[in-house]
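Chemist: Take this structure, written in structure tokens, and hold onto it; I'll ask about it next.
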Amino acid sequence: MGEDVIGSADAASAIASMIEAAREAGEIALKFFHAGERTSARIDYKTGGSPVTQADLAVDVFLRARLGKAFAGVGWLSEETEDDRARLTCAKVLVVDPIDGTRAFLAGDPRWAVSIALVDAGRPVAGVVHAPALSQTYAATSGGGAVLNGVPIRVSARDTLAGSRIAGPKPMVHSIERAIGTSFVLEPKIPSLAYRVALVASGVLDLALASEQSHDWDIAAADVILEEAGGRLTEASGLPLDYNRSETSHGVLFGASATMIGPLLAAAHQMRGDALA
């Protein structure tokens, strides 16, 4: 587990505020969510075609107001707020995705989440991934362990790639299988990347992959949760991810237990040589 960066008392206060805010934000979003049916929220589209709903924006406004009081003087980075580059001068930054998995949300798929992370000096030190429609709240603080609904969680004890339960882009998964001559158990697409990584933290999945162009807000909270559960989230370099940079996007991502991350990265390099490095 990571070093206790923010102190045990401060960490407890911070994560309690984040969990409470995430759950209240989830209640706001649930007013617009209808399981198995189209959302009742207004839907608009960003440049590039990504959807954003009335619920995304309502949750973003709520979280900025709520967390701004609890974390005075801390920077802010959210998918649904225009980027304020002043955050780059802040040692600590809140990194938020009001609804991670918007496409799932608007289609009535419950696998979406409110994601909140506190980043200190480029690394997440506290994180919450709250899936309101599933009544699941993942949380962690650096050095304090990871929990699901208050119960400690750990990554899977599996130590071989063959037969591993994996979620990620199907072409990437199949390419790795062909390269190393083994088979995975490929799970159906999990729309929320934060939730996908959290499932590795809880041992439901063994491995998770993500194509390039995920952003800080998609993964920062899940990163600390996975680390505190005994796992790693990294690019092909194997190094810890950096957050609150000028560029918020990341390359291809790999999530696994500390035992499995090495073999997973080796398999990916075997698939594409040094192209991912």
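Chemist: Using θ = phi - 60° and the Karplus curve 6.51 cos²θ - 1.76 cosθ + 1.60, what whole-Hz ³J(HN,Hα) does each residue of segment 119-136 get, with Gly and Pro shown as x?
Modeler: 9, 10, 6, x, 10, x, 10, 8, x, 9, 10, 10, 9, x, 6, 10, 6, 10
Chemist: What's the angle, to the nearest 10 degrees (0 to 90), between helix 54-70's Cα axis and the longest principal axis of the chain?
Modeler: So the helix axis and the longest Cα principal axis differ by about 70 degrees.
Chemist: Sticking with this structure for a sec: Helix 8-30 versus the longest principal axis of the chain: what angle, 0 to 90°, nearest 10, using Cα atoms?
Modeler: Between the helix axis and the principal axis of the chain, the angle is about 80 degrees.
Chemist: Then there's this: Using the alpha-carbon atoms, what tilt in degrees (0 to 90, nearest 10) does helix 216-228 show relative to the longest principal axis of the chain?
Modeler: 70 degrees
Chemist: Would you grab the residues whose amide H sits under 5 Å from the one on Arg165? Only those 5+ places off in sequence or on another chain, please, with H modelled 1.01 Å from N.
Modeler: Amide H neighbours of Arg165: Val185, Asp206, Leu207.
Chemist: Kindly provide the helix-only [θ] at 222 nm of the chain, computed as the sum of -39,500 (n - 2.57) over DSSP H runs of four or more divided by all residues, to the nearest 500 deg cm²/dmol?
Modeler: Taking each H run of at least 4 residues, the total per residue is -10500 deg cm²/dmol.
Chemist: Specify the residue with the greatest mean-square fluctuation among Glu24, Glu187, Glu79, computed from a Gaussian network of the chain linking alpha-carbon atoms under 10 Å apart.
Modeler: Glu187
Chemist: Can you give me the Cα centroid spacing of segment 20-60 and segment 171-196 in angstrom?
Modeler: The distance from the Cα centre of segment 20-60 to that of segment 171-196 comes to 28 Å.
Chemist: Test of the criteria: in segment 151-251, which chymotrypsin sites (Phe, Trp or Tyr not before Pro) are in a DSSP loop and have at most 14 other Cβ atoms within 10 angstrom of their Cβ?
Modeler: Passing both the DSSP loop test and the Cβ count: no residue.
Chemist: Write out the GluC sites (Glu not before Pro) in segment 228-277 meeting two conditions: DSSP loop, and at most 11 other Cβ atoms within 10 Å of their Cβ.
Modeler: Hits after loop and neighbour filter: Glu247.
Chemist: List, in order, the whole-Hz ³J(HN,Hα) value for each residue of segment 153-170 obtained from phi through the Karplus relation with A = 6.51, B = -1.76, C = 1.60 and θ = phi - 60°; use x for Gly and Pro.
Modeler: 10, 9, 5, 4, 8, 4, 10, 10, 5, 4, x, 5, 7, 10, 10, x, x, 4
Chemist: Here's a follow-up. Ranked highest first by the average count of other Cβ atoms within 10 Å around their residues, in what order do 30-40, 51-61 fall?
Modeler: Descending packing order for the listed peptides: 51-61, 30-40.
Chemist: Shifting gears a bit: Across bins of 10 angstrom width beginning at 0, how are the C-alpha pair distances of the chain distributed, in whole percent?
Modeler: Taking every Cα pair in the chain, the percentages come to 7, 32, 36, 21, 4, 0.
Chemist: If you don't mind, another one. Put a dot 7 Å past each Cα toward the Cβ at Arg178 and Ser211; how far apart are the dots in nm?
Modeler: 1.7 nm
Chemist: Kindly report the accessible area of the chain per residue (heavy atoms of protein chains, probe 1.4 Å, no ligands, DNA or RNA), in Å².
Modeler: 41 Å²
Chemist: What are the trypsin sites (Lys or Arg not before Pro) within segment 180-232 that DSSP puts in a loop, where the Cβ has at most 15 other Cβ atoms within 10 Å?
Modeler: Qualifying residues, ordered by number: Lys189.
Chemist: For the chain, which whole percent of the accessible surface, found with a 1.4 angstrom probe, sits on carbon and sulfur atoms?
Modeler: 52 percent
Chemist: Where nothing but the Cβ of Lys and Arg (+1) and of Asp and Glu (-1) is charged, how large is the charge dipole of the chain around its Cα centre, in debye to the nearest 20?
Modeler: Approximately 500 debye in magnitude.
Chemist: If packing is taken as the mean number of other Cβ atoms within 10 Å per residue, what is the order of 155-163, 260-268, highest first?
Modeler: The packing order, highest mean first, is 260-268, 155-163.
The values are calculated or read from the model by the stated rules, or taken from the named source; none is laboratory data. Predicted, not measured: the structure shown is a model, and the values here were computed from it. Note: ideal-geometry Cβ built from the backbone for every residue, glycine included; neighbour counts use all protein chains shown. Protein only, heavy atoms only, side chains kept; ligands, DNA and RNA dropped before computing areas. Shrake-Rupley method; radii C 1.70, N 1.55, O 1.52, S 1.80 Å.
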